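Heads up: the structure comes next, in structure tokens.
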Amino acid sequence: MGSLEMDGLEIEGGIPLHGDIYVSGAKNAALPLLATGLMCDGTLTLTHVPDLADTRLMIELLAHHGLDIGFQDGRVSMSGPATNMDAPYDLVSKMRASILVLGPLLARYGEARVSLPGGCAIGTRPVDLHIRAMQKLGATVELADGYIQARAPKGLTGNKIVFPFVSVGATENAMMAAACASGTSQIVNAAREPEIIDLADCLNAMGARITGQGTDTLTIEGVASLSTATHRVVADRVEAGTFIMAAAMTGGSLTVRDIIPHHLDVLFDVMRQTGVGIDIGDNFVTVSANGRYQAQNVETQPYPGFPTDLQAQFTAMMCLAEGVSQISETIFENRFMHVPELVRMGADISVDGRTAIIRGKDALLPAPVMATDLRASVSLVLAGLATTGTTSVSRIYHLDRGYAGLETKLGACGARLRRIHQS
């Protein structure tokens, strides 16, 4: 990361956003899709891949595993075979999603050695579900020296995997591993996110036999190998939701394009209840706001509920709402780290355990604030855009992990923000 860790963003706020803004491919879909490159006997080509710190890190990890991989203009092509089964700490520690190489390596090569992951500091997010899924498919797994060491010298065998709670990452790892296991697997209490459906669609294009994606039970008939395919990464619903709230908070009118609207049904419902205008097209939504909007309560839930990845942004939005709102975070136990920073800007928020109570105000005040994790950092940018005066957000390397070309996209809609290199 180097000096980028110290980059900041200076925002001259109080300007309504207007125009059209285009949504990138989803980070949360691209990372597991990249990992499937390890399983391809031919060449896997992905298009609409967002250019982010996290996708570049995953590409670096796959190159470390020995894949021949190229990335240009949103297009990644990968071919193998992998020659190195180790995912080392210095790469994995920067990004939790690195654990997604576990299933593919194990399924195709019968072994994997993956460092325990790092990433955002938003709670414990244990890897035991990933490990249990691999064991269910017949792998022997041990933890030693900070590494997950997994082996299945005779290959994986299909089985029934029942998750005690919904986990997107564990569902993805289990799906990829089961795709090349011998026999049939069933994943019960599977995640239902659009990114899971996207992964299943890509694996099926490569020759896998997966059904039930989008429901809580996946059935996977294992195949001997996966072959050449091309797949377009699904639109980033979290980025889209972020822009939708930016339009509302600045009192602007914004058309958010290249989206799959039904992925955001729950957000649209909440936005309409606040009084913000939502006009939905085939692959776009136009958001219009004038005057103050009303406070609303939300509770984060696995898909199709309100996304935890939009909670920080909605918290920022509610700081300027009329009335009192209550936001409950049920997914991660440490996901209100943006609250003290919003309070620095004059927000009235009190947190009790996993619930935040927000008393809306007419205005926030510009202040220097610091980003603590990916979605928290963008919530501070939204607050800055909606606040008259100059707000500086430091340590925005978190932003670069999840938002491609944020300054350029918002700048084209009238926002005034510039990156500053802080020493």
Of the residues in the stretch 363-373 that are part of a strand (DSSP E or B) and crowded, with 17+ Cβ neighbours inside 10 Å, the one that is farthest from the chain's Cα centre (by Cα) is V369
Checking the condition modelled with pLDDT of 95 or more, surrounded by fewer than 24 Cβ atoms within 10 Å (Cβ to Cβ), over 18 Å from D309 (Cα atoms) and in contact with a Cys (Cβ under 8 Å, 6 or more places away or on another chain), which residue from G360, G346, G389 passes?
G360
For the stretch 305-325, which positions are surrounded by 24 or more Cβ atoms within 10 Å (Cβ to Cβ) and assigned to a helix (DSSP H, G or I)?
L310, Q311, A312, Q313, F314, T315, A316, M317, M318
If you check G70, G155, which single one turns out to be closer than 23 Å to A229 by Cβ, without any contact (Cβ under 8 Å) to a residue 24 or more places away in the chain and not acidic (D, E)?
G70
Determine whether the stretch 56-79 contains at least one residue that is buried (at least 19 other Cβ atoms within 10 Å of the Cβ), within 20 Å of P153 (Cβ to Cβ) and touching a Phe, Trp or Tyr at 6+ places or on another chain (Cβ under 8 Å).
no
Within the bounds of the stretch 264-276, is there any residue that is in contact with a helix residue (DSSP H, G or I) (Cβ under 8 Å, 6 or more places away or on another chain), buried (at least 24 other Cβ atoms within 10 Å of the Cβ), touching a residue at least 12 places away in the same chain (Cβ under 8 Å) and not in a helix (DSSP H, G or I)?
no
Selection within the stretch 284-296 - surrounded by fewer than 16 Cβ atoms within 10 Å (Cβ to Cβ) and either farther than 29 Å from G19 by Cα or touching a helix residue (DSSP H, G or I) at 6+ places or on another chain (Cβ under 7 Å) (or both):
Q294
Against the definition (more than 19 Å from M249 (Cα to Cα), in contact (Cβ under 8 Å) with a residue 12 or more places away in the chain, of a type in the set (D, E, K, R) and out of contact with any helix residue (DSSP H, G or I) (no Cβ under 6 Å at 6 or more places or on another chain)), how does R354 come out, yes or no?
yes
Which members of the stretch 150-162 meet the condition of being surrounded by 16 or more Cβ atoms within 10 Å (Cβ to Cβ) and either closer than 11 Å to G110 by Cα or among the basic types (K, R) (or both)?
A150, R151, A152, G155, L156
Identify, by number, the condition in (1) free of Cβ contacts under 8 Å to residues at least 60 places away in the same chain; (2) buried (at least 16 other Cβ atoms within 10 Å of the Cβ) that T215 doesn't meet.
(2)
In the stretch 230-260, what residues are over 17 Å from L410 (Cα atoms) and surrounded by 20 or more Cβ atoms within 10 Å (Cβ to Cβ)?
H231, V233, V234, A235
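The values are calculated or read from the model by the stated rules, or taken from the named source; none is laboratory data. Just so it is clear, the structure is predicted and the values come from calculations on it, not from any experiment. Positions of Cβ are backbone-derived with ideal geometry, glycine not excepted, and every protein chain shown enters the neighbour counts.
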